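Structure first, then comments.
The values are calculated or read from the model by the stated rules, or taken from the named source; none is laboratory data. For clarity, every value in this text was computed on a predicted model and none was experimentally measured. Using ideal geometry, Cβ is built from the backbone for each residue, glycine included, and neighbour counts are taken over all protein chains shown. Just so you know, the surface numbers come from the protein's heavy atoms only, side chains and all, with ligands and any DNA or RNA stripped out. Shrake-Rupley method; radii C 1.70, N 1.55, O 1.52, S 1.80 Å.
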Protein chains: 2
Amino acid sequence: MTEETAGAQPILRPALKVVDATLRDGGLVNDFRFSDDFVRALYAADLAAGVDYMEVGYKADRDIFDEIKFGKWKFCRDEDVAAVLGGRTSRMKLACMADVGRCNFRRDICAKGNSPIDMYRIATYADTIPEAIGMLEYCDKLGYETTVNIMAISRESVETVQRTLDMLGGSPAKAIYLVDSYGALYPDGVRALAETYLAAGQKYQKEIGIHAHNNQNLAFANTITCCGAGVNYLDATVSGMGRGAGNCALELLLGYLKGRFDLSPVLAFLEAGHMQRLKEAGAMWGYDLAYLVTGLYNRHPSAAIGYYKDARMDISAFLKEVSSS
Amino acid sequence: MTEETAGAQPILRPALKVVDATLRDGGLVNDFRFSDDFVRALYAADLAAGVDYMEVGYKADRDIFDEIKFGKWKFCRDEDVAAVLGGRTSRMKLACMADVGRCNFRRDICAKGNSPIDMYRIATYADTIPEAIGMLEYCDKLGYETTVNIMAISRESVETVQRTLDMLGGSPAKAIYLVDSYGALYPDGVRALAETYLAAGQKYQKEIGIHAHNNQNLAFANTITCCGAGVNYLDATVSGMGRGAGNCALELLLGYLKGRFDLSPVLAFLEAGHMQRLKEAGAMWGYDLAYLVTGLYNRHPSAAIGYYKDARMDISAFLKEVSSS
């Protein structure tokens, strides 16, 4: 075979960035209880693989989330992050996510100079863009790179998507993310959306990112579809670890991009048993029938997460519930 | 969301056919040891779901394959198939696969009138097309529908693909299948190949089919990519059961095509535990790292199948072996 029959490899654009969101999206699976060894080993693997950003968790508001119930990567205090990953000077940057309405950013996000975090990713729904812009401007003024991640985009109309992009066009965000929170998008649909985002990116001089979910086993396909369309910020997680059906698997993506990234450090990380131990401790994620159902009907995955939490086995009834809701 | 953002649903072309290959490709996983109850239940589910063809197995040569070592669906004697599925008059048709060089077709394939099989699918590599044509003509003369499935297409050059299609253009095959045996193809590549096949299909008045493997978790994506391009024969299997990394999952495909097919009978089949019992009996298939490696490097999956058979856990070494072979 040559590249002709396999499928065109992406032009490995310098602007292309891979973001490892394992700790952040994976943290939603195991309440952010990652050991320091795990985090350091993941950092080393990501760095060796050529990953551009490692997202270390959320900057969640401890007045909303009980610190006892979560590992420290839910809150990403600068000193906690620095204790594990500080002192490293490397090409790879650290990112952290802040949800609109769930982050006391004025109290908790300090000037960049004192922080191991390089980039804040502001997560918002389409109806809280002004708040997101407020957070973006705040973080930008403090010296951070920023992205804005517009969640659950599959539930929005084309008009809302466009309006949202136009509102964000003047924000300091370096990249605007297309986020398929529900895992509802098919490759054709994600390409069409990506083209809309890319047109806005062109207009407002911003990069575009993709964060896919695997409800219909399309996270990787949708990610590389967006990549082919010109989307440069690509999220992935080791073993696709992430809420519900999980994400685009980093090992699949690095394999696809093997002209520029190196799959072997991530395979070595897996071989060392890091993910296996998480599973043995009870962490569960990945494509399964209930996630297929919520993704297919474009519903929030919470119903499917609940299905598995309640150890339900009546998938036919679940299909009826979701399809008629 | 509307169809706009989700992704255009395929125009549900009347010519579009879904082929359930569970017994045939799944049989490669469990040596075709499916109980009569399983087969009847699968038939009923497929029929209720709207599936067009159920592929019941191979017409393998018992002089090559020891009958003791396989279930009867490896050989698909007309009387054995009829005993389980005979007497049914339904819209859904039965198919059977015959490999070039592994089927004593002149001895074992009899006139259509006496057979519960409606269609023979001739599986060939690109270098045994004359033999495949011989089998196609034989089956056609006996009154069967036929398709020709060109395996491991990812290892062939563009020129070989074209030459093969031109050779088959004059054959009686109703459909020519693009078969990604190695799971090496990406959506862009499979679309380009599909377009080549479709051009030949247009020229020679044949349909085109897709049979994908899931080494890089792209079987479903590749299948719907082909569907979008105009490919009308779509293979899938329940739970993606099939050799190695398995196939496009029927439940994913029927969900995608929900304007015309009904997912619920297949979910009911799954809920009844049929696939679970196969797994409990030791059947293993589906995306995993070693399959990713062989797919990524466009190798036959046998090395990965061997990796798991030998209970290896040294994926880094395996990557080195495969990437340097």
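With every protein chain present, what accessible area does B:Trp285 have (1.4 Å probe, heavy atoms only), rounded to the nearest 10 Å²?
The accessible area comes out at roughly 40 Å².
What FRET efficiency comes out for A:Arg260 versus A:Asp118 if R0 is 22 angstrom and r is the Cβ-Cβ distance? Round to the nearest 0.05.
The calculated FRET efficiency here is 0.60.
In the range B:156-171, what residues drop by 40 Å² or more in accessible surface going from the chain by itself to the full protein assembly, probe 1.4 Å?
The answer is B:Val158.
Grab the residue from chain B whose Cβ hugs the B-to-A rotation axis most tightly, plus its distance in whole angstrom.
B:Ala221, 2
What's the local net charge at B:Val148, with K and R +1, D and E -1, over the other residues with C-beta under 12 Å away?
Net charge in that neighbourhood comes out at -3.
I'd like the antiparallel share, as a percent to the nearest 5, of DSSP beta bridges with both residues in the protein assembly as shown.
About 5 percent, rounded to the nearest 5.
Per residue, how large is the accessible surface of the range A:12-267? Use a 1.4 angstrom probe and give square angstrom.
Heavy-atom SASA per residue in the range A:12-267 reads 32 Å².
Can you list the distances in nanometres, one decimal and ascending, from the A:Asp262 label point to the identical position in each other copy, with the point 7 Å along Cα to Cβ?
Spacings between copies for this position, smallest first, are 5.5 nm.
Could you identify which residue out of A:Gly230, A:Gly209, A:Gly57 has the top mean-square fluctuation in a GNM of chain A using Cα springs shorter than 10 Å?
A:Gly230
Using Cα pairs closer than 8 Å and at least 6 residues apart in sequence, work out the relative contact order for chain B, in percent.
It comes to 18 percent, rounded to a whole number.
Top mean-square fluctuation among A:Phe220, A:Phe65, A:Phe261, Gaussian network model of chain A, C-alpha springs under 10 Å?
Most flexible of the set in this elastic network: A:Phe65.
In square angstrom, rounded to the nearest 10, how much accessible surface does B:Arg102 have for a 1.4 Å probe?
120 Å²
Note the direction-averaged projected area, equal to a quarter of the hull surface, for the Cα convex hull of the range B:150-295, in nm².
9.2 nm²
Label position 7 Å from Cα toward Cβ: report the copy-to-copy distances for B:Gly50 in nm, one decimal, ordered from shortest.
For B:Gly50, the other copies' label points sit at 4.4 nm, shortest first.
Would you mind giving the average projected area, over all directions, of the Cα convex hull of the range A:57-181 in nm² with one decimal?
Averaging across all directions leaves 8.0 nm² for the Cα convex hull.
How many percent of DSSP beta bridges within the range B:12-267 run antiparallel, rounded to 5?
Taking every DSSP beta bridge within the range B:12-267, about 5 percent pair in antiparallel fashion.
Compute the Rg to Rh ratio over the range A:12-267 from the alpha carbon atoms, using the Kirkwood formula for Rh, and round to two decimal places.
So for the range A:12-267, dividing Rg by the Kirkwood Rh gives 0.93.
Considering only protein heavy atoms and a probe of 1.4 Å, how much of the accessible area of the protein assembly as shown is carbon and sulfur, as a whole percent?
That fraction is 51 percent.
Rounded to the nearest 10 Å², what accessible area does B:His300 show when all protein chains are kept and the probe is 1.4 Å?
60 Å²
Ignoring ligands, DNA and RNA and using a 1.4 Å probe, state the total buried accessible area between B and A in Å², rounded to the nearest 100.
Separately minus together, B and A give about 4100 Å² buried.
Compute a Gaussian network model of chain A, connecting alpha carbons closer than 10 Å, and tell me which residue from A:Arg243, A:Arg191, A:Arg91 fluctuates the most.
A:Arg91
Can you give me the C-alpha center-to-center distance between the range B:248-269 and the range A:270-310, rounded to a whole angstrom?
Comparing the Cα centres of the range B:248-269 and the range A:270-310, I get a distance of 20 Å.
I'd like the distance between the alpha-carbon centres of the range B:68-145 and the range A:191-219, rounded to an integer number of Å.
That distance is 46 Å.
Students often forget the sequence filter, so: which lysines lie under 24 Å Cα-Cα from B:Lys203 once same-chain residues fewer than 8 apart are removed?
Excluding near neighbours in sequence, the set is B:Lys17, B:Lys141, B:Lys174.
Once the protein assembly as shown is represented by equal point scatterers at the alpha-carbon sites, with solvent omitted, what log10 I(q)/I(0) does the Debye formula produce at q = 0.05, 0.06, 0.07 Å⁻¹?
Per q value, in the given order, log10 I(q)/I(0) is -0.23, -0.33, -0.45.
Rounded if a/c is under 1.5, else prolate if a/b is larger than b/c, else oblate: which is the range B:256-325, with a ≥ b ≥ c the root eigenvalues of its Cα gyration tensor?
oblate
Under 28 Å between alpha carbons, and skipping anything fewer than 8 positions from A:Lys279 in its own chain: which lysines qualify?
Within the straight-line limit of under 28 Å, A:Lys279 reaches these lysines: A:Lys59, A:Lys69, A:Lys72, A:Lys74, A:Lys93, A:Lys258, A:Lys309, B:Lys279, B:Lys309, B:Lys320.
Taking each label point as 7 Å beyond Cα in the direction of the beta carbon, state the distances from A:Arg277 to the same residue in the other copies, shortest first, in nm.
For A:Arg277, the other copies' label points sit at 4.0 nm, shortest first.
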